[in-house]
Amino acid sequence: MDADRIVGQKLAELRKRKGLRQEDFLKLLETQDVSWTQTVLSRVESGKRPLKLTEGFAIADALGVGADELSPASSNLHYQIQKLIDDQKRHISTIGASRSMLLEVNNALAALSLAQELSQGHAEFTVQGSPLQFVELLSVWIPGGSGTSYSTNFVRGLDWIGLSYGGDPTPTVGTDEEIAAEIEEARAGEVKRLFSEHYPGLQFGGYETKFRVIGLTDFVEEPQNAIPGLSTYLDTPPRSWKDRFDGR
């Protein structure tokens, strides 16, 4: 779904939320020096006519909302989810698309969809994946979640769903690998505790290559034999999230 269509949908949703018919909304727009016909409004709401920047500010003022509520990249994750759905379709339809990328898109779509449901107060789901895996997926895929350290994005992932992380424990003496394993174990335990306390209706399992939320998102498989020779990629987890942020 393109950005113009998403902006149009947001406008229609905001207008209806205010209880305004199209003709009532057009009168409000006139107070902001924007003169539209009902045809123009219908075309904007259907995504057939792009919204100008100045019109966006006028609409926000008329509706009494922030202009960011019309943005396709606003914090409700709608645009990011739609973009992932488009990516999902593109990777399926393109013969040369890698299965590993389709796997990441599927996992990200499930994680962001679950985050959006949690933000709307819906927290009764069975998840094929671990709490730590969910947070790590959020840390990568939430808007603005790339380009910073693993630890920073990990905290942002938790913040996004209303959870607060107290910080990693002070590691004991050991090799780098032993210290990393100790921190990872403590982090996983703390995240599990946070979810048990704040979202008891979420039933998690262990780490899964294919992260799924039962009844919320479908794990779309690539067509059988679409890319000969790459079948083993489906069973190979992507490199760790820490390695991804550390550039390894």
Contour excess over end-to-end distance, with Cα ends at K52 and M101 and 0.36 nm allotted per residue = 14.2 nm
Mind checking which aspartates and glutamates have their C-alpha under 16 Å from K27, skipping anything on the same chain fewer than 8 residues away?
-> E55, D61
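What does the highest-first list of 25-32, 57-64 look like by mean Cβ count within 10 Å? Let's see the in-between values first.
Working: 25-32: 15.6, 57-64: 17.8.
Packing order, densest peptide first, comes out as 57-64, 25-32.
Report the FRET efficiency, 1/(1 + (r/R0)^6), for D33 and E182, where r is their Cβ-Cβ distance and R0 is 41 Å, rounded to 0.05. Please report the intermediate quantities before stating the final value.
Values: r = 63 Å, r/R0 = 1.53.
Computed FRET efficiency for D33 and E182: 0.05.
Run the accessible area of region 5-54 with a 1.4 Å probe and give the carbon-and-sulfur part as a rounded percent.
Working: 1510 of 3130 Å².
For region 5-54, the apolar C and S fraction of the accessible surface comes to 48 percent.
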Lysines with Cα under 21 Å of K83, excluding same-chain neighbours fewer than 8 positions away = K10, K48, K210
P(r) for region 2-43: what percent of alpha-carbon pairs falls in each 5 Å bin, starting at zero?
-> 5, 23, 30, 29, 11, 2
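Mind running the shape call on region 103-144? Use the C-alpha gyration tensor, a ≥ b ≥ c as the square roots of the eigenvalues: rounded below 1.5 for a/c, prolate if a/b tops b/c, oblate otherwise. Present the calculation step by step, with values, prior to reporting the outcome.
Working: a/c = 1.72, a/b = 1.25, b/c = 1.37.
Oblate, since a/c reaches 1.5 and b/c is not below a/b.
The values are calculated or read from the model by the stated rules, or taken from the named source; none is laboratory data. Keep in mind that this is a model prediction, so the values were computed, not measured. Don't worry about glycine lacking a Cβ; one is built from the backbone with ideal geometry, like all the others, and counts go over all protein chains shown. Please note that ligands, DNA and RNA were not included when accessible areas were found on the heavy atoms of the full protein model with its side chains. Shrake-Rupley method; radii C 1.70, N 1.55, O 1.52, S 1.80 Å.
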